[in-house]
1. With the cut-off at 1.5 for a/c, could you classify segment 175-333 from its C-alpha gyration tensor as rounded, prolate or oblate?
2. How many Å² of accessible area per residue for the chain, probe 1.4 Å?
3. What angle do you read, to the nearest 10 degrees and between 0 and 90, between the alpha-carbon axis of helix 87-97 and the longest principal axis of the chain?
4. Suppose the chain between Trp68 and Arg8 were pulled fully straight at 0.36 nm per residue; how much longer would it get relative to their current alpha carbon spacing?
5. If amide H atoms are built 1.01 Å from N in the plane of the peptide, which residues on other chains or at least 5 residues away come under 5 Å of the amide H of Leu49?
6. Among 235-244, 304-313, 7-16, 290-299, what's the highest-first ranking by average C-beta atoms within 10 angstrom per residue?
7. Tell me, how many Å apart are the Cα centres for segment 244-266 and for segment 71-144?
8. For the ranges 54-62, 144-152, what's the packing order if you count other beta-carbon atoms within 10 Å of each residue, average per peptide, and put the highest first?
Amino acid sequence: MKIYDEIRTPFAKACQDKLSSSIAKGTSKHQARAEKLQSGSERKSSGMLHSDRTIDGYADIAKRYARWMATEHPDCRKLIVAHKRHYDREYIQAQIDKGLKAATIKTYTAALAFLHKCNMDDVHSNRPMVRTQDATRSRSYSEATYNNQLCYRRKHGEDRVADIMQICRMTGLREDEAEQVRPFNFHLDQDRFICHLSGNNDSKNIGQGEQTVWSKGGRERTIEILPKYTGQLREILSRYETDERICSKIPDRIDVHGIRSMYACELYQAYARPVEEIPVKERTVENGKSCPSRYRDAQGMVWDRRALLRVSASLGHSRSSVVVASYLWRLRE
């Protein structure tokens, strides 16, 4: 993190110090957040940075912010002063005026809210909102693309890449998780496999001989794998030592998020009930709240919330809305 080294202003130093003092890699974000809420905090954030991707992303945004401040408000030295004078809002508005996408604006606003210890609406409450129908991530990654890439890898002797592609299809692993996973993460539960990710070193549930697989936010989870993949998965795992990484580097052309979407759709279809068969009065618990089992999204499509939560748990999320917006778009087509 070289924000100050490149910009050399007191404000850049303040940004760097704030981020550096907030790094908490290897600790559970969810546990830290729960402890903070228990202590009386009104913010749902843990107030710390838990993943490399978030750290790198926020550092890049902070560097851009500090460079802009050096040009537009060179006399400002402190984060608290910049927020009080609404320079953070001015910066976000400048990005909106440039025509950046709503999702990018959201990320920038989240980074500045973290720097200034406030909510995103305190930075800019009138920013463009991200809409499900506008999301484009991985939407060009089709079943045909997946099959073509799989055949290409097998044909050219890249068996490890082909194996991890198939495992991602069976488990919905994130890319960084897939690059760490080993045969000992898979366990037979009666007639089907499950995949267990310990999350971080502090987990009390790491199995005997099992090494840590860092997961987003340090969240431990057990992933459901459909029974139809049992034989195929057993064959793949038999080619590797128990503690051997299956594929430590996945090529950039392999869209792991797109494959993750395929997994989510397949798992949802396996457990979803026809909407007309879901009693209107049936309720389920989501994030501690009692909610109707019929979930209606922003576009008016109705989903089985019970099945959504099952998929959500395997993906490492906790909300129906995230699964529908980011993973089940294939089921609309």
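The values are calculated or read from the model by the stated rules, or taken from the named source; none is laboratory data. Fair warning: this is a prediction, and the values are worked out from it, not measured in the lab. Heads up, the Cβs are rebuilt from the backbone with ideal geometry, glycines too, and the neighbour counts pull from every protein chain shown. SASA here: full protein model, heavy atoms, side chains in, ligands and nucleic acids out. Shrake-Rupley method; radii C 1.70, N 1.55, O 1.52, S 1.80 Å.
1. prolate
2. Spelled out: the 1.4 Å probe surface of the chain, per residue, equals 54 Å².
3. Its long axis makes an angle of about 60 degrees.
4. 20.3 nm
5. Ile23, Ala24
6. Working: 235-244: 12.8, 304-313: 21.8, 7-16: 20.1, 290-299: 15.1.
Order by mean packing, descending: 304-313, 7-16, 290-299, 235-244.
7. Value for the Cα centre distance between the two parts: 29 Å.
8. Those peptides, ordered most packed to least, come out 54-62, 144-152.
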